[in-house]
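Okay, so here's the structure we're looking at.
The values are calculated or read from the model by the stated rules, or taken from the named source; none is laboratory data. What you see is a predicted model, and the numbers here were worked out from it, not measured in a lab. Here the Cβ positions follow ideal geometry from the backbone for every residue, glycine too, while neighbour counts run over all protein chains shown.
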Amino acid sequence: MQVNPYLFYNGNCEAALKYYEKVLGAKIEAMLTHEQAPESMPVAPDWKKKIMHAKITLDGEIIMASDSPPEYFHKPQGFAVSLTVEDPADGERKFKALAEGGTVTMAFTPTFWAKGFGMCVDQFGIPWMVNCPAEGM
């Protein structure tokens, strides 16, 4: 069995995944638009370029995503995508990139369990945690 997060965006999925590609080194494995769907699946003209399904990998880990139709979109809450990074300098760099244009909910700093830990909501509305575990954690 494999468990993967599936993130829903408010019409900005493509921009988000391209941003993660740039700042996190993610690899976009698939990105299908509604325009690519069979004609039997009608879609509003302004929605054709929106993402129906996408898949990225981060160091071999999979995250899937799509744009949520406006009538079904809900602000993400009750979860965070958690990145574990060994090097605190790299962790802080990734955290700052994710926080850019978003909201920091806990500044990246050493804690009793981590060489560095921070929480933010990125500019696309997705909650993130970046953790650089302390020895033995």
From the list Phe95, Phe79, which one is modelled with pLDDT of 95 or more, surrounded by fewer than 17 Cβ atoms within 10 Å (Cβ to Cβ) and of a type outside the set (S, T, N, Q)?
-> Phe79
The one condition in (1) in a loop (DSSP other than H, G, I, E, B); (2) surrounded by 17 or more Cβ atoms within 10 Å (Cβ to Cβ); (3) not basic (Lys, Arg) that Met31 fails to fulfil = (1)
List every residue pair whose Cβ atoms sit under 6 Å apart, with the two residues 6 or more apart in sequence or on different chains, where the first one lies in the range 92-114 and is in contact (Cβ under 8 Å) with a residue 60 or more places away in the chain and the second, anywhere, is assigned to a strand (DSSP E or B).
-> Lys94/Val130; Leu98/Cys120; Leu98/Trp128
Scanning the range 115-137 for residues that are modelled with pLDDT of 95 or more and not in a strand (DSSP E or B) gives Asp122, Gln123, Phe124, Gly125, Ile126
Run down Glu39, Glu86 and say which single residue is assigned by TED's automatic domain parsing to the domain that holds Met106 and either out of contact with any Asp or Glu (no Cβ under 9 Å at 6 or more places or on another chain) or at pLDDT 95 or above (or both).
-> Glu86
When you look at Glu100, is it of a type in the set (Asp, Glu), modelled with pLDDT of 95 or more and assigned by TED's automatic domain parsing to the domain that holds Phe124, yes or no?
-> yes
Does Ala89 fit the bill of being without any contact (Cβ under 8 Å) to a residue 12 or more places away in the chain, part of a strand (DSSP E or B) and surrounded by fewer than 20 Cβ atoms within 10 Å (Cβ to Cβ)?
-> no
